[in-house]
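Where a number appears in this text, it was derived from the coordinates with a stated rule and is not lab data. Quick caveat: nothing in here was measured; it's all calculated off a predicted structure. Neighbour counts are summed over all protein chains in view; Cβ atoms, including those assigned to glycine, are modelled from backbone coordinates with ideal geometry.
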Amino acid sequence: MKKTYNTFSPEETEKIARTFAKKLDKGTPHFIAMYGDLGVGKTAFVRGLASVLAPTARVKSPTYTVVNEYKGAGLPLYHFDVYRIEDEDDLYSVGFYEYLQKGICVTEWSENIESSIPKNAYRVKIERGKNPENERIITIEE
Ligand SMILES: Nc1ncnc2c1ncn2[C@@H]1O[C@H](COP(=O)(O)OP(=O)(O)OP(=O)(O)O)[C@@H](O)[C@H]1O
Ligand SMILES: [Mg+2]
């Protein structure tokens, strides 16, 4: 199933993420693969996810650390940014494959690791709309 939303502020994007997160079972692992260009709003979306799945977390882009762990309301939330990941060896060395069964994983820049994205992942794509300043088109595929 594929759903599309248009948003006009980061707060609205967070709200779409919140609504999506509320439907997830907090006690089982999930994988949410995010796609979209630089500065399009991926971290904003993760902020919305975290407000439901890890309410005490301070979400910051793990651009240099590759993964941030947020203590969850159920399982932990693992926030990946694989912008700098070049191949599967890099992914192994950050322990990517071990996280998959341990919690809820969300990845920014999934384009870089397409062959490692689980088949049953939710896919979230964010694009700029007609007004590239603040309009975003969010497609959630499950
Ligand atoms: N509708 C919108 N939804 C989300 N962000 C928006 C929207 N309109 C404007 N913005 C702005 O776009 C930027 C999104 O930043 P954010 O860090 O979430 O992007 P990102 O995709 O994670 O970037 P990066 O590729 O660097 O990780 C923020 O400056 C935010 O204010
Ligand atoms: Mg980001």
Listed peptides 42-48, 9-15, 60-66 by packing density, highest first (mean Cβ within 10 Å): 42-48, 9-15, 60-66
Two decimals, Cα atoms only, Kirkwood Rh: what is Rg/Rh over segment 2-141? 0.94
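How do 32-40, 71-79 rank on mean C-beta neighbours within 10 Å, highest first?
Numbers: 32-40: 18.4, 71-79: 20.0.
Descending mean neighbour count gives 71-79, 32-40.
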Burial-style ranking of 19-28, 120-129, average other-beta-carbon count within 10 Å with highest first, yields 120-129, 19-28
May I ask you to evaluate 6.51 cos²θ - 1.76 cosθ + 1.60, the Karplus curve with θ = phi - 60°, for each residue of segment 33-38 and list the ³J(HN,Hα) values in order in whole Hz, giving x for glycine and proline? 9, 9, 10, x, 5, 3
